[in-house]
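The values are calculated or read from the model by the stated rules, or taken from the named source; none is laboratory data. These numbers come from a predicted model, not from an experiment. FYI the Cβ positions are ideal-geometry reconstructions off the backbone, even for glycines, and counts take in every protein chain you see.
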C-alpha cells in the first residue's frame, strides 16, 4: 500500500470528517462570504426564516476529492472519473450559488456536459436498458453517449429539485448510495462498494450539519454534483454487472426522477416555463398540508427537518424493492408502476383533500389556490 493510501474504513472516516469539518467551517465563516453565498429570502421556494449559506457542495466536493486521493487503486480510479467529469456540473451550480445569475438552460447543459465528459474520460456509456429496440439503438455509440448524458444530467437536476428542506436531498442521496453500495457488496464488487460508501461518507458529513438545524444547504453546486455522482455510480454498476437490470438503479432513484417528471407535466399543463420554480412539489405539500396542520406551534426549522426525514421513506422503500429484485426486470417495472401510482395518489390527496387515482380538470385552479 502506498503511503498516500489508507484502508477503506479509514479513508471513509477521513472523508466523513473532512465533509463535516468543512461544513462547520463554512457556517462559522458565513460573515465573510454570506454576501454572496446566502440567497435572498424572497424566492418563491424559500421556506426558511433566516439567511443560510447554500454552498455546502464545497464541503462534499472537497471531501470526495480527498477520499479519492486516500483510496486504493481501482476505487481511486473510479472516484477520479466522478470528480473529473462532475466538476463541470459542480462549477456551474456553484457559480449560480454565488451569483444567482446562471440561467436554467446553462446549468442543464452543464450537467449534460458532465455526462458526456464522463464517457470521454472512462469510455463507459449505457448500452442496455432491458427494452427491445432501444437496446439495439444503444449499440450505436453516439446514441449511447447522448442517452447517458440525458440520464445523468436528468438525475443531477432531479436532486436539485428535491433540495427543498433540511436533509431531504442529502438524506435521499445517502440512502441511494447505501443501496447501490449494498448491492455492489452482494455482487462481490469491492471497488465499487468502496466508491459508494466514500461518496456516502461525504454526504453524511454534510448531512450532520444540514439536519436537523439547517445551518448549511447543498446549493445548486452540491445538488448537481451529488446527483451526478449517484447517476455515474449507476452507470458503473450496469457496466460492471450485466446481470443487474437497468431498472434497478432507476427505481432506487424513483422519487427524484418522478418529482422531475411530474413537475414538467404540471408546469406544461399550467403553461409555465418548465424551468420556473413553484411551491407545489410533493415535499412542499407535505410541509404545508401535513406538518403545518398537525404541528402548528412547532418551530418552522423543525417542521422543515421533519418533512425532509418523512420523505426519506420515498427512497428507502423503492430501494428495498430494488435490492430484492435487482436482476428481475419484470418485478422492478412492477415496483416502479406501483410507486408511481402511490406517488400520484398521495400527491392528489394533498392537493384535493381526498383520495383520487387520476387528476381532474379542476387540478390547476386547486394548485393555484395553495401557492
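Table for the structure above
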read-out	value
Pairs where the first residue, in the range 309-332, is surrounded by 16 or more Cβ atoms within 10 Å (Cβ to Cβ) and the second is in a helix (DSSP H, G or I) and modelled with pLDDT under 95, C-beta under 7 Å, 6+ apart	310/286; 311/283; 311/286
Residue within the range 144-152 that is closer than 23 Å to residue 223 by Cα and either in contact with a strand residue (DSSP E or B) (Cβ under 9 Å, 6 or more places away or on another chain) or not in a helix (DSSP H, G or I) (or both) present	no
Some residue of the range 130-142 being closer than 20 Å to residue 258 by Cβ and surrounded by 21 or more Cβ atoms within 10 Å (Cβ to Cβ)	no
Scan of the range 181-226 for residues that are part of a loop (DSSP other than H, G, I, E, B) and in contact (Cβ under 8 Å) with a residue 40 or more places away in the chain, ordered by number	187, 189, 211, 212, 213, 214, 215, 216, 217, 218
Residue in the range 157-164 that is free of Cβ contacts under 8 Å to residues at least 40 places away in the same chain and either surrounded by fewer than 24 Cβ atoms within 10 Å (Cβ to Cβ) or more than 24 Å from residue 67 (Cα to Cα) (or both) present	no
Failed criterion for residue 58 (all others in (1) buried (at least 17 other Cβ atoms within 10 Å of the Cβ); (2) over 27 Å from residue 13 (Cβ atoms); (3) in contact (Cβ under 8 Å) with a residue 60 or more places away in the chain hold)	(2)
Test: residue in the range 216-232 that is more than 13 Å from the chain's Cα centre (by Cα) and surrounded by fewer than 24 Cβ atoms within 10 Å (Cβ to Cβ)	no
